[in-house]
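Data block below; observations after.
Just so it is clear, none of the values below were taken in a lab; they were calculated from the coordinates. Computed from a prediction, not measured in an experiment: that's the story for all the values here. Note: ideal-geometry Cβ built from the backbone for every residue, glycine included; neighbour counts use all protein chains shown.
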Amino acid sequence: MIPIKTPAELERMRASNRLAAEVLRAVVGRVRPGVTTAELDALAAEEMAKRKARSAFLGYRGFPGHICVSVNEEVVHGIPGSRRIRLGDLVSLDVGVVFEGFIGDTATTVAVGVIDPRALQLLETAERALAAAIAAARSGARLSDISHAVETVATAAGFGVVRDFVGHGIGRRMHEEPQIPNFGPPGRGPTLARGMTLAIEPMLTMGDWRVRVLDDQWTVVTADGLPAAHVEHTIAVGDEGGEILSRVAA
Ligand code: MG
């Protein structure tokens with residue numbers, strides 16, 4: 001069963017996700033050559049504390065960072081540390097916060113300076129795939145319509161879709177029902193309804209979709225070492241498509 005949030009719970013999801021988006025924006029603003037991923041993590045911690053939010057990731061199954069920072073061939077779950085960002089890097093930043101009992105979860109991938117044109121295309125395609133998936137998240141549609149939307153956009157551009165990691169329902173817990181794969185045929189799974197809140201997160205690869213986990217037990221990298229891009233919004237299912245909750249106030 002996919003949980004349905006009450007209007008009051010939806011308001012709280014809007015608040016926690018707005019905070020996550022604000023933190024993400026602050027960290028994005030600090031990404032530049034020479035900065036270490038640990039420095040980005042420290043900034044995120046500061047921005048969360050300022051907003052009386054805490055990291056949803058820190059301590060989650062022992063994860064040691066406040067955010068995930070995944071560079072180039074790293075897909076997701078990169079542990080912040082001494083790695084320095086360089087010109088031409090593709091940096092995925094994933095922010096999860098807890099605010100008044102509700103989780104906010106959002107991610108983006110940024111290009112550092114001028115990057116390889118195909119890598120830029122990968123990034124743009126991930127964003128388009130996310131937009132298509134959000135448009136598919138409307139009441140009356142089926143869950144796998146979201147999955148299919150991502151795969152369609154990715155495949156048309158010749159990119160791979162990671163299969164081992166998926167999006168998820170979200171609320172008081174980071175991972176609620178359902179799991180949301182980024183691939184598959186349309187028209188399958190539960191019917192979507194207003195009040196469902198979902199974290200939709202396409203993970204696309206420049207080459208093969210296969211991934212492996214590094215010895216640190218966290219960092220997911222592409223098996224072929226080619227770059228990946230990861231973008232994520234938390235949305236609420238609506239009649240016209242998903243309402244993006246993880247967005248900074250206008
Ligand atoms: Mg997520």
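Here the ratio of the Cα radius of gyration of region 7-244 to 2.2 N^0.38 Å is 0.94. The order of the peptides 189-195, 163-169, 27-33 by mean Cβ neighbours within 10 Å, most packed first, is 163-169, 189-195, 27-33. Under the criterion of Cα pairs below 8 Å and six or more residues apart, the relative contact order for region 7-244 equals 21 percent. Taking Cα centre as origin and charging only the Cβ of basic (Lys, Arg, +1) and acidic (Asp, Glu, -1) residues, the dipole magnitude of the chain rounds to 460 debye.
In the chain, helices alone account for a calculated mean residue ellipticity at 222 nm of -9500 deg cm²/dmol, with every DSSP H run of four or more residues adding -39,500 (n - 2.57). On a per residue basis, the convex hull of the C-alpha atoms belonging to region 1-142 measures out at 127 Å³.
Averaged over residues, the count of other Cβ atoms within 10 Å places the peptides 204-213, 86-95 in the sequence 86-95, 204-213, highest first. Residues whose amide H comes within less than 5 Å of that of residue 142, counting only those at least five positions distant or on another chain, are 187, 192 (H built at 1.01 Å from N in the peptide plane).
Along region 97-114, what does the Karplus equation 6.51 cos²θ - 1.76 cosθ + 1.60 (θ = phi - 60°) give for ³J(HN,Hα), rounded to whole Hz, x for Gly and Pro? Karplus values, whole Hz, x for Gly and Pro: 10, 10, 9, 6, x, 10, 8, x, 9, 7, 9, 8, 10, 10, 8, 9, x, 7. Projecting the Cα atoms of 58, 166, 148 onto the dipole axis of region 43-177, where Lys and Arg carry +1 and Asp and Glu carry -1 at the beta carbon, places 58 farthest toward the positive end. Exposed loop sites here mean GluC sites (Glu not before Pro) with a DSSP loop assignment and at most 15 other beta-carbon atoms within 10 Å; the chain contains its longest site-free run at 101-239. Hull volume per residue, based on the alpha-carbon atoms of region 16-68 and their convex hull, is 68 Å³.
Using C-alpha pairs below 8 Å separated by at least 6 residues, the relative contact order for region 87-127 is 42 percent. Reducing region 153-174 and region 1-71 to their Cα centroids gives an inter-centroid distance of 19 Å. Under the criterion of Cα pairs below 8 Å and six or more residues apart, the relative contact order for region 1-115 equals 31 percent.
Would you pull out the residues with amide H under 5 Å of residue 75's amide H, same chain only if 5 or more places away, H placed 1.01 Å from N? Distant-sequence amide H within range of residue 75: 220, 221, 222.
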